[in-house]
Every structure is written in structure tokens, then in C-alpha cells.
Amino acid sequence: MGSKIEIYTNYIENCLFTYFKYLLGKTYKYSIVKIFITKYIEVRYYNNAIYRDKNLSDKLGKEFKLIAKELMKEDDSDSELIKNICALFGYVLYFDDACEYTDLNILIDSLFEETYVLADTDIKPEFTNFIKETITKKEAYHKLFTTKEFDLKYKRYKKNVYKVTIENNIDVGKLYSDYAKEKAFNEGTINEDKNYVLIRILSEKLLQDAIKSDFTQKYIIELPETFFAKPKKYKKLISMLDNDLIRSRINLKITYEEYMNHKEIINESINLGISFALELDETFDNSFNTLVLFKYVIVYEHLDCYDALTEDKNAFGTTIITL
């Protein structure tokens, strides 16, 4: 099974193929539609675009124009189809939660009045049911990852960068003190397993951010060192980060001592695209060239290397966070 975000975007992709099959009628061509859908997913959910317009519609329009120009240069016989595909994406933005609307039925009525809709109007009830079913399934999927048993807590490190921890709200009665419950939640196997829950809940937030076209927030979560002695559990955790959106937003925090103790496996993970935040400690031996491997480097004022790192924060090929 892929990551939560990948499952969701795969579902959106399949729905878009159905959407265009309905509306393009006999002119539908999978090979051409696929090119535009792939680009839509890249821009919409991963912010992977040449143009950096803040307005999603404007950005997609420019990206699609590049694709259309290239396709028509190769063969202009499909130029009308390409224009219709681009036009139909204007309504996709409503059905895919990028734009607000007041009434779904009125929106679909308006769609079927467009000249680039080549389907027979008789299919409108069936199409409406398809859209409603899509909306219901998306809502149900989001609810799978909402829980009252856990909360995420955010501590701001710097602009748009936050440390994220998970808080346990499970009621175990008055038999145990708050101290005992907190101790159990932050030690041993539970301390490891809670990170799976944290990533699942945080992935939902990343998805919701992407739906709102917000790709600015970055998150740092602490990785218990005990994971490195348990290859299967570590592999499971890394697999949950196997998505471009997640990898670009979530960073695993380790100390410098932990890095030196497990350098081989951490470097291997970095080569796979996993992002780490390095927290410097008293064991740091001024290996400044190593810092470029990490997305963020956290340095405390009491450390001997503090002045060297803060004198010119841009000199080390990473983002320095001072605490």
C-alpha cells in the first residue's frame, strides 16, 4: 500500500479519467488526456511546476499552454480536443475543492451548457451521481485519519518551520497518574509506535494544505534512536514517507551523536530522498562539511560551534535553526 497521499491522488487521477470520458464523448483519447491529468496532479498536489503563480488556475493555465503547444507542434490534428481538455479543467477546480461553489446542481447545469462538452445531455443525471459519489468518497477518506485520541502539538522553530509532537488523549481512568501515562507514552515500544500515528495524522494535514494550495509549512519530528536497532520497524516508518509531498515537508530529527552511531543507515535514507534535521550536541567535532547533508541544522547557544554557525548562516548549504 502506498502513502496516504498517494492513495488519495491515485483516486483523484482515476476520477479525472472518468470525468473526461463522460464529457469528451467519442473524441476522448486516453494518451492525450493522460498527459494533462499527470501534469494536473503534479501541480495541484505536489506544487511541481515551472511557473510559480500563487493562483492555481493561472499556474495550471500556463503549464497546460506549454503542453498544448508542444503537442500541437507534433500533430495539430488533435488541436480542438486539446483545447476542450484545457477548458474542462476549469470545472475540475470546482469538483476537486480548489474553488468554492454554492450549488452543485447549478454548477453541473452550467457545465453542460458549455460548447466544449461533447457528451449528450442525457448522461447528465449519471454524471451528477458520479460527481456526488466522488465527493462522498473523498470526505469518507479524510475521516479515516481524524481521531479524538491524539492531538498534534506544534512548536515554531522559525518562519514556516515547526517541531511536531503527538499528545495522547486516551482515557485510561484514574488508576494511573498523569506522570505514569506520560512516561509510558514516551518510552519503549510505545514511543516508537506513536510515530506511525503521528506521520499518518500529519500526512492528512499535508494533504489538506495541498488542497488549499499551501506548500509553505515544513515539519520536524523527533526520531527515537531505538528505531535504528529494529530494521523492520525503521523500514515501515521510512515507507510511510515514500511520497514526494511528504518527503519535501517532513524531516526526521536526530542528534549528531545519533548520526555518528548510525551514519551508514542514515546516509542511505538521505540518498533515498528522506529529509533529516540534525540537532548538534557536545559530540559535534566541527565537521562542517557534513552539515550539507541535512535540510535543517539545529544549534544551541551554549555550544562551542554556535558563533561559527551563526556568523554566516548561508555558508553551510543548509538552514541553520538557532535555539
message = I'd like the residue in region 271-290 that is open to solvent by 60 Å² or more (accessible area, probe 1.4 Å) and part of a loop (DSSP other than H, G, I, E, B) and, out of all such residues, is farthest from His302 (Cα to Cα).
response = Leu272
note = Across (1) assigned to a helix (DSSP H, G or I); (2) within 22 Å of Asn243 (Cα to Cα); (3) among the charged types (D, E, K, R); (4) at pLDDT below 95, Arg52 clears everything bar (1)
ask   = Within region 83-97, is there a residue that is assigned to a loop (DSSP other than H, G, I, E, B), modelled with pLDDT of 95 or more, open to solvent by less than 40 Å² (accessible area, probe 1.4 Å) and in contact with a helix residue (DSSP H, G or I) (Cβ under 7 Å, 6 or more places away or on another chain)?
value = yes
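Yes/no per residue for (1) more than 16 Å from the chain's Cα centre (by Cα); (2) among the hydroxyl-bearing types (Ser, Thr, Tyr):
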| position | (1), (2) |
| --- | --- |
| Lys212 | no, no |
| Ile221 | no, no |
| Lys232 | yes, no |
| Leu241 | no, no |
| Ser248 | no, yes |
| Asn251 | no, no |
| Tyr256 | yes, yes |
| Met260 | yes, no |
query = Tally time: how many residues in region 1-49 are among the acidic types (Asp, Glu) and either exposed (fewer than 14 other Cβ atoms within 10 Å of the Cβ) or modelled with pLDDT under 95 (or both)?
reply = 1
task = From the list Ile35, Ile123, pick out the single residue that is among the hydrophobic types (A, V, I, L, M, F, W, C) and under 31 Å from the mean Cα position of the chain (by Cα).
result = Ile35
query = Only one of these conditions is not met by Glu70: (1) assigned to a helix (DSSP H, G or I); (2) under 15 Å from Tyr40 (Cα atoms); (3) open to solvent by 60 Å² or more (accessible area, probe 1.4 Å). Which number is it?
reply = (2)
query = Does region 211-234 contain any residue that is in a helix (DSSP H, G or I) and touching a residue at least 60 places away in the same chain (Cβ under 8 Å)?
reply = yes
task = Would you check if Thr102 is surrounded by fewer than 16 Cβ atoms within 10 Å (Cβ to Cβ) and polar (S, T, N, Q)?
result = yes
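The values are calculated or read from the model by the stated rules, or taken from the named source; none is laboratory data. Since the model is a prediction, treat every value here as computed from it, not as a measurement. Note that each Cβ is placed from the backbone with ideal geometry, even for glycine, and that neighbours are counted across all protein chains shown. Surface areas here come from the heavy atoms of the whole protein model, side chains and all, with no ligands, DNA or RNA. Shrake-Rupley method; radii C 1.70, N 1.55, O 1.52, S 1.80 Å.
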